[in-house]
Amino acid sequence: MSAVVEVSDTELRPIAAICEGEVSFRAEGWRRLIFMPGLRFLVGGVQRKMDALLCLNHDNPTYPTKLYLAEQVGGGVNWNETAYLLSRSWHTFSWKDVHPNQSPIEILAAHLAAFNKASAA
């Protein structure tokens, strides 16, 4: 069961600017998540839009944060995990060393950087 986590709107506002729905903090088990409906981002220069989750405290020291997407977008990254969170399945890729000691928008930008030089799916 997920719960909404109370956090300042100032941390969500920059992320909300690139999403189509209401961005919110959530918790599920030990995970602190940001739910991002209709996140807009580029993959190899092609605009994509889909729901996404940003995990701010993944339990692996090499991968201390994780970005989960509603679908795999290709892009030459290593798609290595499917997770069931907030009552649905999500895909994630191997992109390490994005540390949680940054703002949520900086964490998101670091994960999305994996797609900057990628080819579109």
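The values are calculated or read from the model by the stated rules, or taken from the named source; none is laboratory data. If you're wondering where the values come from, they're calculated on a predicted model, not measured in any experiment. Note that each Cβ is placed from the backbone with ideal geometry, even for glycine, and that neighbours are counted across all protein chains shown. Note: areas computed on protein heavy atoms with side chains; ligands, DNA, RNA excluded. Shrake-Rupley method; radii C 1.70, N 1.55, O 1.52, S 1.80 Å.
Give the residues of region 26-38 that are part of a strand (DSSP E or B) and more than 12 Å from the chain's Cα centre (by Cα), sorted by residue number. Across region 26-38, the qualifying residues are 26, 27, 28, 31.
Only residues that are outside any loop (DSSP other than H, G, I, E, B) and without any contact (Cβ under 8 Å) to a residue 12 or more places away in the chain were counted in region 93-107, giving 1. Modelled with pLDDT of 90 or more and either of a type in the set (Ser, Thr, Tyr) or exposed (fewer than 14 other Cβ atoms within 10 Å of the Cβ) (or both): is that true of residue 6 in this structure? Judged against the criteria, residue 6 is not a match.
For region 39-92, a residue qualifies if it is more than 20 Å from residue 27 (Cβ to Cβ), of a type in the set (Val, Ile, Thr), outside any strand (DSSP E or B) and open to solvent by less than 50 Å² (accessible area, probe 1.4 Å), and the qualifying residues are 73, 77. In summary, residue 12 fulfils each of the numbered conditions (1) part of a helix (DSSP H, G or I); (2) within 11 Å of the chain's Cα centre (by Cα) with the single exception of condition (2). A count restricted to region 85-113 and to residues that are of a type in the set (Lys, Arg) and out of contact with any Ser or Thr (no Cβ under 9 Å at 6 or more places or on another chain) stands at 1.
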